[in-house]
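See below for the structure under consideration.
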Amino acid sequence: MARLAAPAPLKGPVTRRATELVLTGLVGTLIGVATFVGQTHLDPPWSVLVNSASPWLCGAFLAGALQRRWLAGALAGLGACVLEVGAFYFVAFARGTGADGRVVVFWTLCAFAGGPLFGWAGWAWRRASDATKVWAAVFPAATFLGEAIGGYVLRFPHVAEAVLYGAIGLALFAILALPPRRPGAALAALLVLGAAGVVIFGPVIAIAYGGAVGP
């Protein structure tokens, strides 16, 4: 009598999911720790890289890009941003550095606001098609350009920091958004999302927080 074959173990999907979760955790943790370490070693204008939102949001974008489903991408973006905040302040408290409670709350709210959106964008950049892919690819460039203008031209006039973030934004635009060969759509997306970033990093944060917002 022939024996029925036993169901194949689900090692592939389980292993893949575990790997995605581990990589998401590493992205958030490493960025959070690197931010704290960088604040003690980097001088202006490079210090802006460890004292602003755009690098953390790009961490969420990267975490989302590692996922296979859009919901997992959004949750990975949220998880990465929360871990960035947690890792930063864990190291800070371990080193005996105090923290303003308002700042902790501010960055946690930013994690919940921007993390899922940029996580979804990272997923869409890899998995979506057509116009959605083009718009998603622009998110990293738009956040750097928006922060360059809204944060370092309008809110805190610092020319060197604005130039640095502008250059990073343009480089990300060329690397991520132009390869699909839809330059017109990519440029339109950059103008719209960049303008939104200018408003958020400029007057919105100035009104909501009323001062410096570095970790």
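The values are calculated or read from the model by the stated rules, or taken from the named source; none is laboratory data. It should be emphasised that the depicted structure is a prediction, and the values quoted were computed from it without experimental measurement. A quick note on method: Cβ atoms are made from the backbone with ideal geometry, for glycine too, and the neighbour counts reach across all protein chains shown. Note: areas computed on protein heavy atoms with side chains; ligands, DNA, RNA excluded. Shrake-Rupley method; radii C 1.70, N 1.55, O 1.52, S 1.80 Å.
Things worth noting here:
- Shown here: semi-axes √(5λ) of the Cα gyration tensor in Å, derived from the displayed model; of the candidates (i) 54, 19, 15; (ii) 33, 24, 13; (iii) 55, 22, 17, it corresponds to (ii).
- Each other residue within a Cβ distance under 12 Å of Ala121 adds +1 if Lys or Arg and -1 if Asp or Glu, for a net charge of +3.
- Taking trypsin sites (Lys or Arg not before Pro) as exposed when DSSP calls them loop and at most 13 other C-beta atoms lie within 10 angstrom, the chain has its longest site-free stretch at 96-180.
- Centroid-to-centroid, using Cα positions, the stretch 130-188 and the stretch 53-97 are 20 Å apart.
- Treating r as the C-beta distance of Arg181 and Asp100 and R0 as 41 Å, the FRET efficiency rounds to 0.30.
- Accessible area per residue for the stretch 52-122 is 44 Å², calculated with a 1.4 Å probe on protein heavy atoms, without ligands, DNA or RNA.
- Axis angle, to the nearest 10 degrees, between helix 130-149 and the longest C-alpha principal axis of the chain: 30 degrees.
- With every protein chain in place, the chain: carbon and sulfur % of accessible area (1.4 Å): 73 percent
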